[in-house]
Structure formats: C-alpha cells, structure tokens
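What follows is a short report on a single structure.
The values are calculated or read from the model by the stated rules, or taken from the named source; none is laboratory data. Model, not experiment: these values are computed from the prediction. As a convention, Cβ positions derive from the backbone with ideal geometry for all residues, glycine included, and neighbour counts pool all protein chains shown.
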Amino acid sequence: MKSLMLLLQCLLSEEGRWCRISTERDSETITSRVKDEGESFLTITLPNFAKELEKALDEEMVTPRSFPLWKKNGKLPVFLGGFLELIFDTESGYLLSDADERAVRAVRQISLFFSKIELECSEKRIQAAFRQYVEIESELKNRDSQVPDMLYALRLKQFETIASKLWSKPLWWLEKAIKEGDLIPKHGPGGTADRLKGNQKFLVNQWPQRLDDCFQYLDYAIPNHHFWKEVDHVEFLTPGAEIPVRVIAVPKTMKTPRIIAAEPTAMQYMQQAISDNLVSNLEGRHFSYRWMIGFQRQEPNQQMAKEGSLYGDLATLDLSEASDRVSNQHVRLLTKGFPRVSEGIQACRSRKADVPGHGVIRLAKFASMGSALTFPLEAMVFLTIIFMAIEQEQGRPLTKDDIASFKGRVRVYGDDIVIPGKYVQPVIRELGAFGYLVNSNKSFWSGNFRESCGKEYFRGFDVSVEKCRYRLPSSLADVQEVEGLVSLRNRLFMAGNWETAKFIDEMILKLFTHKGKQYYPIVEPTSPVLGRWSFLAYSAERISDSTHSPLVKGYVRKNRIPRNCVGDYAALQKVFLKRSKEPFADKEHLERSGRPEAADIKLRWASPF
C-alpha cells in the first residue's frame, strides 16, 4: 500500500508541474482518505471522480449534481481544484473556452491510475455479479415469452428487413462455405467447460449429437476418413446430456469482476470455424459495407472519436452487459434467410450454463462472453438496430446509397458504437426497445469529450491515460507483477510522464541487480528483454556467434509449458489445421502445450529488438 501511495504521489506531483500548480493539499487528501478507506479509495472512489469530470465535460459545466461526494470551494471541488480551475470557470462552473487539455488528462491520469488494477473482488461482489447474470437471463426469458404487441412486431419485421439489406452478402458466402464444407475449425487458447487443455483438445471424445447433425465428427475432428475407427471412442451427447458452459468470474476491478463462460471444447472448436469465415467476409474487400464494422482494428473507431471531440457531430455510445443481453431470438432473425448458417450457428450454441450458486440454467441469451461467435454477431445485431433508427428518422426505406452515405459516420466494434450525434436519441430508443442498455457514464454526444475502443479525446487532444494493472512486485518471483511494472514504466515514458518513469526505474533496478551489477538495458518494444524503452538507441553489449546479431544482457521471462503429449491422428490433425505456412515456432509443440503452468524470470543474453 505504501509503495502504491508513493507512486501515485510522484505522478500527482509531476502532473502538477506540467500544469504549473501546487498539489500539496491534494497529496494530503489522498493520504488521509487512504488511511480511512484503504485501497478502495484508490480503486473505486478516485475513478468515480474521473467519471464526474467526464460528465461535466459532456454537459460543458459543473452542475450542483456534479462531484456529489467531494467538498467544494464554490462550484468546483477542493480536491484537484488547481487542475479543475484550468478547465472550468470558478464562479459559474462553465467550461472555459480555452480549457487546458493537459489539465483534463492530468485529472483523468491521477483519478484512473489504479482503476483497472487486478485485485480480487470481495465474495459479496462476486456473488452479486453472478446474481446479475441470472437476473439478466430472466429478463430475456420474460421478453421472449411475451406475445409481441403490434409496435414490437413491426420492429421485428423492420429488423429482419434491415438485416437482409446489410448482411446478405457475407451471410451468403458463409452459407456457401458451410454447404461445401469449406470451414476450417480451430481450438481457442482459453479454458473449456470440459477442462481440456492444450494438445488434449485435439483428442476431443465428446461431440453433441445436434452438432454432428450439421458438422460431422468424421469431417471436422479427424484428419481424414482413414481414421474413421476413432469414432468408436467418441461419446455423442444427446441434448439433455450436453455439457453446460462453465460461468466463472475473473479479476477485472475491485468494484466488479468480469463474468465469462468457458464453452465445451467441441462447441468452441466449431464456433471458431464459423467465426473466422464470418469475420473474414465482413472485413473482406468484396463486402461493400466493411467500413461500418470491425473486429481486429480499433483505430477507425478511435479516429472517429477524435473527430467527434473536435467537431461534435459524432457520438460515442457504450452498452452495459452487451454480450449478456443479446437474445438468441434476435440472432435467429438476423440469419433467417440463410438456413445452413442459422442451423450451423444454433448447432454450436450452448443452451445451458452452470452458474455458481444458481446451478444449471437454460439460456435465452445467444451466448456469454467466451463464445467465439459472440463478438461478431452482437456487432451485427447492434448495427441492424442502429440503421433501423436511422430509417425511422428519415421516414422512408433506406437504399444501398443511403447506407453507403454513412461511411465514416457509423461504425461498431463490439459494443463500442460511433454514430452521428443527430441520431443519438432514436438509436437509444430502439436499442432500449430490444432490451439493450446504453451506459450513460461511458457514452458522450453533447460536449467535446469522446471515448471509443480505449482512447479518449477532448477537443481533438488525446487525454487517454496509462493504468497500473498489477500490484507492485517484492521480488523476481512475482513474475506477472514484474512484467506489469516494466510495462507501466515504458508506457508512462512514452506518454511523457518521465519523472514517474524515472521513479519506477529506481524500483525496478532494486529487482534487476545481480551480484552488485544492474541489468536494465535500453531495448526496442519488440525485445524479449525486460528493459527500458527510450528515444535513444540501444547499445549492443556483444555480438551473437551464431547469428552475428547484437545482444544485451537482461532479464527475460521463461514460461514453463505443461507436458501435454499428443500423437497419432490428433498430431496430424493439429498440423493440418495450422493456418500459417511457417513451421511451428516450438519444436516441442507435440509434447508441451497450453497456457504456462508457471513462469520464471532469468538473466540471459537476448536480442535488444
């Protein structure tokens, strides 16, 4: 705790010098509040201060409702008041015409520094998150079971029509690929409901019967029909015997965990096959509307957010519990005109979930975060609803030219949405009609602050911040924490927080000292060495005898991959499913695989780039 405090106070002092203000009283406040409230002040209370600032920027003034839990001096809070006086008028609370963008970033950097630190939530908060998961499921079931009134029935019909206009081409290509057996499955890197890991996933011996009806085990799980006898070892599961997804909580913030679901191996395997094809179709150059949806590149959303902060014509919206609120009925409607696509997606969709404290429940949602199909299908659903709202506002059916005219003004990346500001209220209304909630704390449209895909802008100025993700390490044995500290130092250095980076350097040097000598070289961002990024060039300490390339001596992470042997048909299947033409990087990949079971940090010679 003391080290975290010292780090934050160093950052606070540096930001104060950048903005030419005193931060002594702010430092005293932080010390006092942490003493009374503990870590929750750093991880929950301070981040809420940043949210209040963002609301005030959006409303272009500090209102009586702003910063409700903070002592005020007139209109503005006393805490971080020196920064706020550079942003808002002290008498009226109105946003200054020449508001200091650096001060905006400074307040956000200080307030959000520990907002994403991976700390275990209390058991009470974890159980509350599982309870919310189940409550959202109940909402979806109630909505799906109700007979739609005339207005909602018309909405569903319009949804189907708009979906056909937007997605007919990529879905037709996917339909063709399924028909011709051109899908290429793969195993994901994460955990599975049946707890198979690494190479063992290629020995999958449970295959749902309804999955086999669309994607036969003989066609997709073994290299070729010479191994057809392997089917004798496979258990084909009836719908009632299928393994439910395993709902788990993983660290996110101290305030709330992230709820994800581990899919059964067979389901995830075929989800990846459909997802890869669908995403390549949606982002492919032959799809006319590829500009409005993204899955791999966040930069277009970020650039549009920057433009929105400059000119005010583009809004950024964020949805709450987006994945968990996507009804399977909406996905069915989206794919209605493509029977093989619809049948294939439903075949690899898990129907049940095992929720801690609540048992196994049947799912009305399409899928939880964890399914390979959640990301692309939720984006398609959201975009369909967006263009529904636009069509209603225009008062006539949208043509292809109408849709094309929104290039550069509409884009969805998961649940990060950018739309023209004039359509915000209609879009919020239509999303609400389909059961989706816009997160007002992370959605902006009226002022000059915008946020999308991890980037924040105020009047075109990048006010994104760097965050401490892990506790500070006490020794090299804290591998994740050591890596996190080096990463934090380098990100702060590149962001211009050189004094704080230097402060962290001193902490790192205490860890990176061996036999009285320090090993902390300058390296490129691509180097495996845990070293310093710098605007200066690295200095080679020796030349490799085998490759004749420069080397430096430093600390390098070494992963211990679990022993996980595979041979025979499963090894052949792994080779056949490899995407790249390059050989496997690890020559022992058939003997060891999966996520590291442990890791060490070792001193060694390695490339600085």
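Worth pointing out:
- Any hit, region 395-409, residues being in a loop (DSSP other than H, G, I, E, B), aliphatic (A, V, I, L, M) and closer than 30 Å to M5 by Cβ: no
- Residues of region 432-461 satisfying the condition of being free of Cβ contacts under 8 Å to residues at least 40 places away in the same chain and either over 17 Å from I386 (Cβ atoms) or part of a strand (DSSP E or B) (or both): S440
- Restricting region 479-518 to residues that are surrounded by fewer than 19 Cβ atoms within 10 Å (Cβ to Cβ) and hydroxyl-bearing (S, T, Y) leaves a set whose member that is nearest to P251 (Cα to Cα) is S487.
- Some residue of region 242-249 being surrounded by fewer than 23 Cβ atoms within 10 Å (Cβ to Cβ) and either among the hydroxyl-bearing types (S, T, Y) or not assigned by TED's automatic domain parsing to the domain that holds F375 (or both): no
- Residue in region 301-322 that is farthest from A347 (Cα to Cα), counting only those that are in contact (Cβ under 8 Å) with a residue 12 or more places away in the chain and among the hydroxyl-bearing types (S, T, Y): S309
- Answer residue from region 557-574, given it is closer than 19 Å to P596 by Cα and polar (S, T, N, Q) and is surrounded by the most Cβ atoms within 10 Å (Cβ to Cβ) among those: N564
- The lone exception for Y133 - which of (1) in a helix (DSSP H, G or I); (2) without any contact (Cβ under 8 Å) to a residue 60 or more places away in the chain it fails: (2)
- Within the set Q272, Q298, the sole residue that is in contact (Cβ under 8 Å) with a residue 40 or more places away in the chain, crowded, with 18+ Cβ neighbours inside 10 Å and either out of contact with any helix residue (DSSP H, G or I) (no Cβ under 9 Å at 6 or more places or on another chain) or of a type in the set (V, I, T) (or both) turns out to be Q272.
- Those strands (runs of 3 or more DSSP E) of region 186-271 in which at least 1 residues are under 30 Å from R125 (Cβ atoms) and modelled with pLDDT of 95 or more, considering only elements entirely within it, cover 245-250, 258-262.
- One residue stands out among those in region 439-454 that are surrounded by fewer than 19 Cβ atoms within 10 Å (Cβ to Cβ) and not polar (S, T, N, Q): the one that is nearest to the chain's Cα centre (by Cα), which is G454.
- Qualifying helices (runs of 4 or more DSSP H) (wholly inside region 1-81; at least 1 residues being more than 25 Å from L488 (Cα to Cα) and not hydroxyl-bearing (S, T, Y)): 24-37, 46-59
- Output for region 98-146, where each listed residue is aliphatic (A, V, I, L, M) and more than 22 Å from F67 (Cβ to Cβ): I117, L119, I126, A128, A129, V134, I136, L140
- All of (1) touching a Leu at 6+ places or on another chain (Cβ under 7 Å); (2) touching a residue at least 40 places away in the same chain (Cβ under 8 Å); (3) assigned to a helix (DSSP H, G or I) hold for C468 with one exception: (3).
- Evaluated against (1) part of a helix (DSSP H, G or I); (2) within 27 Å of S446 (Cβ to Cβ); (3) hydroxyl-bearing (S, T, Y), S97 falls short on exactly one condition, (1).
- The condition of being among the acidic types (D, E), more than 20 Å from E430 (Cα to Cα) and not assigned by TED's automatic domain parsing to the domain that holds I259 does not hold for E135.
- Out of L310, L278, L237, one residue alone is in the same structural domain as E135 (by TED's automatic domain parsing) and within 30 Å of S446 (Cβ to Cβ). It is L310.
- Residue list for region 466-478, restricted to those being surrounded by fewer than 22 Cβ atoms within 10 Å (Cβ to Cβ) and within 23 Å of the chain's Cα centre (by Cα): E466, K467, R469, Y470, R471
- Members of region 580-595 that are exposed (fewer than 14 other Cβ atoms within 10 Å of the Cβ), of a type outside the set (A, V, I, L, M) and free of Cβ contacts under 8 Å to residues at least 60 places away in the same chain: S580, K581, E582, P583, F584, D586, K587, E588
- Total residues in region 219-229, condition surrounded by 19 or more Cβ atoms within 10 Å (Cβ to Cβ) and in contact with a Leu (Cβ under 9 Å, 6 or more places away or on another chain): 2
- Out of A103, A99, sole residue that is in contact (Cβ under 8 Å) with a residue 24 or more places away in the chain, over 23 Å from R471 (Cα atoms) and in contact with a Cys (Cβ under 6 Å, 6 or more places away or on another chain): A103
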